[in-house]
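*Asks:* Please read through the structure below; I'll follow up with questions.
The values are calculated or read from the model by the stated rules, or taken from the named source; none is laboratory data. Bear in mind the structure is a predicted one, so any value in this text is a computation, not a measurement. Backbone-built Cβ (ideal geometry, glycine too); neighbour counts: all protein chains shown. Areas reflect the complete protein model, heavy atoms only, side chains present, ligands, DNA and RNA absent. Shrake-Rupley method; radii C 1.70, N 1.55, O 1.52, S 1.80 Å.
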Amino acid sequence: MSLYRLVSRLAVVSALNNYMAAPWPTLAGPNIFDSKIEPVEDMAKDRAFPCCVVYTDYDKDHWSKAPAGHKSRMMTVTLELLIVQTAQDQSTADPYKLECPFTDSEIETSLDIFETQIFRALGEGTEASDAFNYICPGVENVISRRGASIEGGQRLAARQITLEMKTIRENIQGTIPPQIAAFLDRAEQHPDYADRIIDIRAAMTSPATKTPNERYMQAFGYSRDTSARLGRPVGPQVMLPANLTFTLNTGG
């Protein structure tokens with residue numbers, strides 16, 4: 001039951017990197033990554049560049065089993081903003097590694113602008129931002145933390161933004177909401193996402209092959225017996241014949 005978590009993370013990445021195409025919504029350009037930093041073309045050059053890594057660290061009460069369906073579903077979207085540069089390390093097979101330099105006034109200004117651009121991009125009204133805001137309609141907490149080294153706590157050119165979002169529950173009918181469908185159609189044009197979009201659509205629509213009572217039982221984690229006691233029996237049903245007639249018992 002974490003399809004919306006997956007879609008929301010892809011939507012945030014797409015909202016921030018415009019599907020890897022200019023115009024770029026943020027000063028990081030295409031360097032917005034899903035869960036880990038991927039190699040970029042000019043990583044071996046001696047320069048610093050901004051990037052952002054998007055995570056969904058936890059998804060709380062996302063399964064509607066029994067009374068959990070009455071709780072608010074809470075999900076975090078974590079964005080790690082970094083100014084990174086390459087450094088040579090001849091002692092390893094890969095002579096280049098990424099480092100996060102110590103911050104200064106100019107870098108802090110860049111991070112502040114970067115952070116502002118991120119929030120604007122998430123409310124831009126694109127297919128990606130609309131899908132994200134549909135899945136996560138409310139914000140419980142927003143925390144922006146500075147980055148520091150483990151030893152000595154020296155300030156690094158890094159910042160972590162944690163969005164704790166109120167998140168809607170998964171659609172159990174086997175249909176795809178219009179806001180999500182529009183994003184999936186747009187994301188499918190991106191070669192890195194095309195295969196995944198096919199799998200996401202298939203997973204979202206698979207409940208449509210089940211009966212309404214089967215979908216109800218599966219979504220709430222009920223046993224067959226419990227579902228039947230709640231008035232939603234599953235499996236072969238007793239069907240009354242069409243020619244059955246009823247007579248009024250007058251007591252005579």
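*Asks:* Those residues that are assigned to a loop (DSSP other than H, G, I, E, B), of a type in the set (D, E, K, R) and either within 29 Å of the chain's Cα centre (by Cα) or at pLDDT 85 or above (or both), I need them from region 91-125; list them, please.
*Replies:* 124
*Asks:* Name the one entry in 229, 146, 155 that is touching a Phe, Trp or Tyr at 6+ places or on another chain (Cβ under 7 Å) and modelled with pLDDT under 90.
*Replies:* 155
*Asks:* For residues that are assigned to a strand (DSSP E or B) and at pLDDT 65 or above, tally how many sit in region 44-86.
*Replies:* Total meeting the criteria: 23.
*Asks:* Then there's this: Please tell me if residue 175 is open to solvent by 50 Å² or more (accessible area, probe 1.4 Å) and in a helix (DSSP H, G or I).
*Replies:* Answer is no for this residue.
*Asks:* In region 180-201, how many are open to solvent by 70 Å² or more (accessible area, probe 1.4 Å) and either touching a residue at least 24 places away in the same chain (Cβ under 8 Å) or part of a helix (DSSP H, G or I) (or both)?
*Replies:* Adding up the residues that qualify gives 7.
*Asks:* Which residue pairs have Cβ atoms under 7 Å apart, sit 6 or more places apart or on different chains, and have a first residue in region 24-43 that is assigned to a loop (DSSP other than H, G, I, E, B) and a second that is modelled with pLDDT under 70?
*Replies:* Hits for this filter: 31/40; 37/98; 43/86; 43/96.
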